[in-house]
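The values are calculated or read from the model by the stated rules, or taken from the named source; none is laboratory data. The structure presented is a predicted model; accordingly, all values stated were derived computationally and were not measured. Neighbour counts run over all protein chains shown; Cβ positions are idealised from the backbone, glycine included.
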Amino acid sequence: MGETLRETASSPREAPAMSHQRKTASSASRLYTLVPAFWLLTLAFLSTLVSCKSCESTETVRIGVTPWPPFEFLFLAQEKGFFEKRGLQVKIEEYPTVEDTRRAFEKGQIDIMGMTPSDIILIRQNSEKRAQAFAVIDFSNGADVVIARSEIRHLKDLKDKKLGAEITTVSAYLLLKALEAGNLSLGDVSIESLNQAHMVKALKLGKIQAASTHPPYSVELLASREFHVIFSSDQIPGEIIDLLVASADSIERRHADYAKVLLGFFEAISYAEKNPEEAYAFMAARENLEPQTFQRSFDNVVMVGLDEQQDFLGPQGKIEVLIEQVAYTMAKLGHLDQPFLAAETWTDKVARSASEQLKTSGEIDEN
């Protein structure tokens, strides 16, 4: 532009045609200069997009859970963007019953499920899915309860009574433990197979005299003086645990993605500790409970941190004994057609991957 201006100034009488030719030539020169620059910028921009997206997973992680307070931290993590910021797309589906969640997992409709050891055992027995636990979320320390009508004061009073339980879940496991504690057997009682919501209704209507349940359902029952706890998981410490479970094949293929799920989950717990009013209000609303009531439900739950996963899932970890205990009880209940081998039902690969990612990012401490 400066050169053109100087030439115009030094040749004021130059013919208009010659001036037009020079301007056209100058414009063409700038155009040829700009075109390569445009494509270089475009390529640079696209390269930046590719490099930014390289750390993101293009496959959504689908998680299935049932109502249970600790699983609410998954929803909190999603609400606060703790998965998304790690380049992970997550879809969480809440199912009304454990059986519904298991079926969804067996059909391949979800990748991860929040479950207990009994569910791993049943899935491995009844389907081709090689279900494998990759994280221990919590263990129940009084949250899982057997609730009876007020006239039933002691466990021995359950004899000849009709009781409610989810037969193929940890609910039945707890009920059997309660019967054993009261020196009763399965033959001494009648057990009605009901899901949690139906159990609450049946107990209120007097169709059953006791129910094996947990929050948020137990909260509703215990709000009435008609019902009380006669047995709870604090009498069998550490035996009822909640897990994140996936197929062994998908863990092998997507352990880095599942590690991001763990990091998001534990970041949500950290966020709730620092912002309890906001966090518990959000989670309580999802379970239709008052925030204070919802928060109190954690008094009987022990959360298991990322740094404790090796205690359960590592070599000589606690989970093997727990799964064997559950398998033995399920055999007594008639739920196992053949002996169950606990080997290969858990892995520490995802937890180790999460720990490695945490060392390089320190993201949990951001909030």
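Data overview
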read-out: Tally of residues being over 30 Å from Ser355 (Cβ atoms), in a strand (DSSP E or B) and of a type in the set (Ser, Thr, Tyr) across the stretch 131-153; value: 0
read-out: Evaluation of Glu128 against (1) part of a strand (DSSP E or B); (2) assigned by TED's automatic domain parsing to the domain that holds Glu344 (one fails), failing number; value: (1)
read-out: Search result, residues across the stretch 314-358 that are basic (Lys, Arg) and modelled with pLDDT of 90 or more; value: Lys318, Lys349, Arg352
read-out: Yes/no for Ser118 being surrounded by fewer than 22 Cβ atoms within 10 Å (Cβ to Cβ), in the same structural domain as Pro70 (by TED's automatic domain parsing), modelled with pLDDT under 95 and of a type in the set (Gly, Ala, Ser); value: no
read-out: All helices (runs of 4 or more DSSP H) inside the stretch 210-317 with 3 or more residues being closer than 30 Å to Thr329 by Cβ; value: 217-222, 248-274, 309-313
read-out: In the stretch 154-171, residue farthest from Met113 (Cα to Cα) [restricted to those that are assigned to a helix (DSSP H, G or I) and touching a Ser or Thr at 6+ places or on another chain (Cβ under 7 Å)]; value: Ser171
read-out: Residue list for the stretch 213-229, restricted to those being in contact (Cβ under 8 Å) with a residue 40 or more places away in the chain and polar (S, T, N, Q); value: Thr213, Ser218
read-out: Single condition Ile112 does not satisfy, out of (1) without any contact (Cβ under 8 Å) to a residue 40 or more places away in the chain; (2) under 30 Å from Gln89 (Cα atoms); value: (1)
read-out: Unmet requirement for Phe340, which otherwise passes all of (1) without any contact (Cβ under 8 Å) to a residue 40 or more places away in the chain; (2) assigned to a loop (DSSP other than H, G, I, E, B); (3) among the hydrophobic types (A, V, I, L, M, F, W, C); (4) closer than 24 Å to Thr66 by Cβ; value: (1)
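This table checks each residue for (1) acidic (Asp, Glu); (2) touching a Ser or Thr at 6+ places or on another chain (Cβ under 7 Å); (3) at pLDDT 90 or above.
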{"site": "Ser26", "(1), (2), (3)": "no, yes, no"}
{"site": "Thr66", "(1), (2), (3)": "no, yes, yes"}
{"site": "Ala77", "(1), (2), (3)": "no, no, yes"}
{"site": "Gly81", "(1), (2), (3)": "no, no, yes"}
{"site": "Tyr95", "(1), (2), (3)": "no, yes, yes"}
{"site": "Gly108", "(1), (2), (3)": "no, no, yes"}
